[in-house]
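The values are calculated or read from the model by the stated rules, or taken from the named source; none is laboratory data. All figures in this text were calculated on a predicted structure; none of them were measured in a lab. Reconstructed Cβ throughout: ideal geometry from the backbone, glycine too, with neighbour counts over all protein chains shown.
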Ligand code: NAX
């Protein structure tokens, strides 16, 4: 029998947490043969609701779930953690300036990064979901100097999955016919969902969707980039189950590998590839194998793609400069 894997989830009592924890405990994160211990981190006001979620987890009698810890201490939550899903964050409220938002999140992701640095297992893998995800991941990573930088990632898999679904619909194929989609840059409205490198049922992504530049610019890209707002408008609440699903996909792919002939999108620390300044946490096309990822190299980018990537990366650089000025990194 295998040693249980310690999975820490922050913001565990929130709506993404509620959609996420049951799938982790049922084996969808790491595999149907991998037992898990869950560590739920909440702020004091969230602890009671987290207890309720833990009661429901008990009531599922999941064979793989070996233990649940509920705490408001980051040191306790990350003690021996192998996987950290950083979901809890400070949302932007009315009248809040960007500086205030970054400051508030720095107060969360700085200490959590330090707790990971000091207490997590040597093989810790971190996924930041809480927004602004890329810059929160950067703050956590910079506060964990003893952890290899590549262990800190930010989630753009929801954007990736949204793009795959839109492309399949437009091309009239099933989602498994859509390969090599990329989300570049920031998980924000400036993100660049790239269909030009995609392969759809043996054609290029552009051809398979009708070779229609106007559709790409005025429909595909904004639909993917603004999907979060559209969900809020229609559902009356922000994406939760699809976000949890994407977090599961992100970690599962990272641990278990990308299929041959395909890649995925992850926000990762840039090594300077494709002109993205080194150190920024930006989304790239990546392949994964044996728990490691590599940026897909050698893609030819059109002027259109280049300009879109540069714009989103410029936003990331601005966010980095802002948190640097605030003394958060
Ligand atoms: P909720 O407000 O439902 O839940 C957040 C939970 O985090 C709350 O229970 C709160 O008590 C807890 N929390 C706050 N600060 C904490 C701290 N310092 N330590 C531990 N827990 C803390 O939000 P939910 O809908 O679950 O969304 C969570 C985050 O995901 C938000 O920041 C949201 O913007 C972000 N998202 C990111 C996405 C992505 O693709 N990267 C997509 C979905 C989602 O919008």
Looking at (1) within 16 Å of the ligand (Cβ to nearest atom); (2) over 25 Å from residue 119 (Cα atoms); (3) in contact (Cβ under 8 Å) with a residue 40 or more places away in the chain, find the lone condition where residue 28 falls short.
(1)
Confirm whether residue 189 is assigned by TED's automatic domain parsing to the domain that holds residue 249, at negative phi and in contact with a helix residue (DSSP H, G or I) (Cβ under 7 Å, 6 or more places away or on another chain).
yes
Test result for residue 259, in contact with a strand residue (DSSP E or B) (Cβ under 9 Å, 6 or more places away or on another chain), assigned to a loop (DSSP other than H, G, I, E, B) and not assigned by TED's automatic domain parsing to the domain that holds residue 20:
yes
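To keep it simple, each residue is scored yes or no on (1) at negative phi; (2) buried (at least 16 other Cβ atoms within 10 Å of the Cβ).
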{"position": "239", "(1), (2)": "yes, yes"}
{"position": "244", "(1), (2)": "yes, yes"}
{"position": "249", "(1), (2)": "yes, yes"}
{"position": "271", "(1), (2)": "yes, no"}
{"position": "275", "(1), (2)": "no, no"}
{"position": "281", "(1), (2)": "yes, yes"}
{"position": "305", "(1), (2)": "yes, yes"}
Among (1) farther than 19 Å from residue 38 by Cα; (2) in contact with a helix residue (DSSP H, G or I) (Cβ under 7 Å, 6 or more places away or on another chain); (3) part of a loop (DSSP other than H, G, I, E, B), which single condition is residue 131 missing?
(2)
It is to be established whether one or more residues within region 111-122 are more than 13 Å from the ligand (Cβ to nearest atom), closer than 24 Å to residue 314 by Cβ and not in a helix (DSSP H, G or I).
no
Looking at region 228-237 only, could you name the residues that are under 22 Å from the mean Cα position of the chain (by Cα) and either surrounded by fewer than 18 Cβ atoms within 10 Å (Cβ to Cβ) or within 14 Å of residue 169 (Cα to Cα) (or both)?
229, 230, 231, 232, 235, 237
For helices (runs of 4 or more DSSP H) lying entirely in region 1-99, having 2 or more residues that are surrounded by 17 or more Cβ atoms within 10 Å (Cβ to Cβ) and assigned by TED's automatic domain parsing to the domain that holds residue 232 picks out none
Can you tell me which of 198, 140 is under 25 Å from residue 292 (Cβ atoms), in contact with a helix residue (DSSP H, G or I) (Cβ under 7 Å, 6 or more places away or on another chain) and either surrounded by fewer than 21 Cβ atoms within 10 Å (Cβ to Cβ) or assigned by TED's automatic domain parsing to the domain that holds residue 228 (or both)?
198
